[in-house]
Amino acid sequence: MHTAHHRDERDEHWMRQALAEGLRGDRRVRPNPRVGCVIVQGEQRVGAGYHAQVGGPHAEVGALCEAGEAARGATAYVTLEPCSHFGRTPPCAAALLQAGVARVVVGVADPHPKAQGGAAWLRERGVPVDMAVLQGECQELAEVFLTNQRQQRAFVQLKIAATLDGRMAASDGSSQWITGPEARQRAHGERGQSDAILVGSGTVLADNPRLDVRLPEGHAGPQPLRVVLDRRGRLASSSKLLQVLDTTMQPTLIYTSQPEALRGAESEVAPWPGEPDDLFAIFTDLLARGVCQVLAEAGPTLATALLRQGLVDRLDWWLAPKLLGNGRFAVEDLGVQTIAECLEWRFAPPQVHGNDLWLVARPANVAR
């Protein structure tokens, strides 16, 4: 006889397999979420699928195709609530019902106003649905989509490279390279999963970066959009970001309150949306342009502003085993007066690349 505890453990075991499937997806699914699904008959996995690209079959449909007749009477484990509407593809809730699935286990509810409601739809038709199994992990899998839906803005991933004493640059302003080649190569992989790379004008003036993805042949997808926040129109026309250096690159998008200062640049100049210091409006505008996820490679000024305004959904902190003892801190005044007010984060398991430590953290106050 199955006890509730045994069923909980069994459900978590199979949901982990669904999560592993979902992790096979990448930025090609956007604006849709990454989703994984496994179909289990008795103690045997009979089907698996994941969402590979927008417009392609959803995870549930891929898993049902693999399971075939074995789906009848089986349990489906899916990381995100099955959709209940006709979009680019038919509703997955109906596909599960038609296949004769006897039970559905879901990781996280779908907040999309049109797609949500698949669980209720299935229950109304006699299919039991259990929700919130490994909810935290399932939220992380779909975090870009969930932020887009819940906050109506692009997801923000802030990357910082700093020394052990928290410095981003030496006292003479030099910052290349704090981290080693292995860390920089891995950082290019993160750029490759981004829809856009964002910097402030200070970083452009200090480093004159290209902000492109440089990975081995065949490993890089389309180049991300390059975005610069240059409210005061400080960029020089010689900046690499204002030139399309090769045919694979997109023109740079520059947000500014001084458009006349940037005339003639090979880039798109956009008026600064919202109030002068309001960055939320930038990410709302980027989402409207189809940018679901932004990698901010920010200097101290922009990094501090993003953190102060609560706009960082994921923090990638590269920690180099070096000490400077002076120079600019990676993060400056956050307006925190007492330890009780500090911004708190949750670490993912750390990784080492070369000599450097890669720490990924998410805000601790976000519901899991």
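The values are calculated or read from the model by the stated rules, or taken from the named source; none is laboratory data. The model shown is predicted, which means the values in this text are computed figures rather than measured ones. Cβ placement follows ideal geometry from the backbone for every residue including glycine, while neighbour counts extend to all protein chains displayed. What goes into the accessible areas is simple: the full protein's heavy atoms, side chains included, and nothing from ligands, DNA or RNA. Shrake-Rupley method; radii C 1.70, N 1.55, O 1.52, S 1.80 Å.
Quick notes on this structure:
- Verdict on Trp317 being farther than 24 Å from Glu275 by Cβ and crowded, with 20+ Cβ neighbours inside 10 Å: yes
- Test for Gly36: is it touching a residue at least 12 places away in the same chain (Cβ under 8 Å), of a type outside the set (Asp, Glu) and within 24 Å of Asp195 (Cα to Cα): yes
- Residues (open to solvent by 100 Å² or more (accessible area, probe 1.4 Å) and either over 25 Å from Gln139 (Cβ atoms) or part of a helix (DSSP H, G or I) (or both)) located in the stretch 336-349: Gln337, Ile339
- Strands (runs of 3 or more DSSP E) wholly inside the stretch 1-112 containing at least 3 residues that are over 14 Å from Asp130 (Cβ atoms): 36-41, 44-50
- The set of residues in the stretch 222-256 that are at pLDDT below 80, open to solvent by less than 50 Å² (accessible area, probe 1.4 Å) and part of a loop (DSSP other than H, G, I, E, B) comprises Gly233, Leu235, Ala236, Ser239, Met249.
The rows are residues; the columns are (1) out of contact with any Leu (no Cβ under 9 Å at 6 or more places or on another chain); (2) closer than 30 Å to Pro82 by Cα; (3) not charged (D, E, K, R).
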residue: His112; (1), (2), (3): yes, yes, yes
residue: Glu137; (1), (2), (3): no, yes, no
residue: Asn148; (1), (2), (3): no, yes, yes
residue: Ser175; (1), (2), (3): yes, no, yes
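- Residue check for Phe347: touching a strand residue (DSSP E or B) at 6+ places or on another chain (Cβ under 7 Å), more than 20 Å from Phe280 (Cα to Cα) and free of Cβ contacts under 8 Å to residues at least 60 places away in the same chain: yes
- Screening the candidates Asp333, Asp278, Asp316, Asp285 for the property of being assigned to a helix (DSSP H, G or I) and of a type in the set (Asp, Glu) yields one hit, Asp285.
- Only a single item in (1) within 24 Å of Cys292 (Cβ to Cβ); (2) buried (at least 24 other Cβ atoms within 10 Å of the Cβ) is not met by Ile39, and it is number (1).
- Out of Ala93, Ala70, Ala74, one residue alone is at pLDDT 95 or above and open to solvent by less than 10 Å² (accessible area, probe 1.4 Å). It is Ala74.
- Residue check for Thr203: within 23 Å of Arg362 (Cβ to Cβ), of a type in the set (Ser, Thr, Tyr) and out of contact with any Leu (no Cβ under 6 Å at 6 or more places or on another chain): no
- Some residue of the stretch 144-161 being touching a strand residue (DSSP E or B) at 6+ places or on another chain (Cβ under 7 Å), farther than 24 Å from Gly25 by Cα and small (Gly, Ala, Ser): yes
- Check on Pro57, buried (at least 24 other Cβ atoms within 10 Å of the Cβ) and farther than 19 Å from His13 by Cα: no
- Among the residues of the stretch 269-303, just one is of a type in the set (Ser, Thr, Tyr) and either buried (at least 19 other Cβ atoms within 10 Å of the Cβ) or over 16 Å from Gly202 (Cα atoms) (or both), namely Thr284.
- Taking the conditions (1) free of Cβ contacts under 8 Å to residues at least 12 places away in the same chain; (2) not in a loop (DSSP other than H, G, I, E, B) in turn, Gly126 satisfies each one other than (2).
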